[in-house]
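Asks: One structure is given below, represented as structure tokens, and several questions about it will come after.
Read the figures in this text as sums done on the coordinates, not as results from a lab. Note that the structure is predicted; figures quoted are calculated from it, not measured. All Cβ positions, glycine included, derive from the backbone under ideal geometry; neighbour counts span all protein chains shown.
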Amino acid sequence: MSKTTTVKAATPSVIKLIDGETAIKKALASIKTRGATLQRDIHVACCSVLAHVGKHSDIRLVTELLSSLPDMTRKNAVKAWFEFFGPVTFAEGGDIKFNGANPVKLGDAMAKPFYAFKPEADYVPMDIAKSIDSLVKKMERDHKETGRDHTSMIAKLLAIRPEGDETAVERQKQNATAARGAKAPKEAKATPATAPAASAPVAQAA
């Protein structure tokens, strides 16, 4: 008889919420102050590690620095900062190498923290209409090249495309026309069989 093992689910950690607008604003002000201090401390640490690498050709502290950063830190920006201002190269797989060809530019590095050197890109909202148009255009090109019929799929995409764009109506007309003139997929040409060569007559003895 098999024995059933009961697995106890982990209990999620309880967060004590901040109650009241005044208390929340106080917490936010504290976060802003402590965040600025932490940001400054990280910049000082980065510059110190950079100076150490330039002086001793020792990149081990770069690894320790990255490991010490909190998850919210944009570590790729830190890596780009090190590569630009010092003899550090980040290879594929996470390996860090000393690059003596790139001198330490400590003064410039101190004046340009990693968060200012490579600011976080602004979020660009997705343009649904343009995305659908791009996909439809690729499907239309595929139809011309291969003869495959994407009429049904294109019609479904255009049906969910945001309204108010005449391009969708025009594409529906073009799609219907293309479907009527769809060409069959390309087929390999058959190679005609070669007839066997006639055998030479056998000479008979006199």
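Asks: Could you compute Rg(Cα) / (2.2 N^0.38 Å) for the range 39-81, with N its residue count? Numbers along the way, then the final one.
Replies: On the way: Rg = 10.0 Å, N = 43, 2.2 N^0.38 = 9.2 Å.
Taking N as the residue count of the range 39-81, the ratio is 1.09.
Asks: Students often check this: by mean Cβ neighbours within 10 Å, which of 144-152, 32-40, 47-55 ranks highest, and how do the rest follow? Intermediate values should be presented prior to the final figure.
Replies: On the way: 144-152: 12.9, 32-40: 11.1, 47-55: 17.9.
Result, highest mean first: 47-55, 144-152, 32-40.
Asks: So what is the relative contact order for the range 21-117, in percent, with contacts set as C-alpha pairs under 8 Å and at least six apart?
Replies: Numbers: 83 pairs, mean separation 26.2, N = 97.
The normalised contact order for the range 21-117 reaches 27 percent.
Asks: Right, here's the next one. Starting at the first residue of the range 88-93, write each ³J(HN,Hα) from the Karplus equation 6.51 cos²θ - 1.76 cosθ + 1.60 with θ = phi - 60°, in whole Hz, x for Gly and Pro.
Replies: 10, 10, 9, 8, 5, x
Asks: Where does the range 21-117 land on Rg(C-alpha)/(2.2 N^0.38 Å)?
Replies: Numbers: Rg = 15.4 Å, N = 97, 2.2 N^0.38 = 12.5 Å.
The reported ratio for this selection is 1.23.
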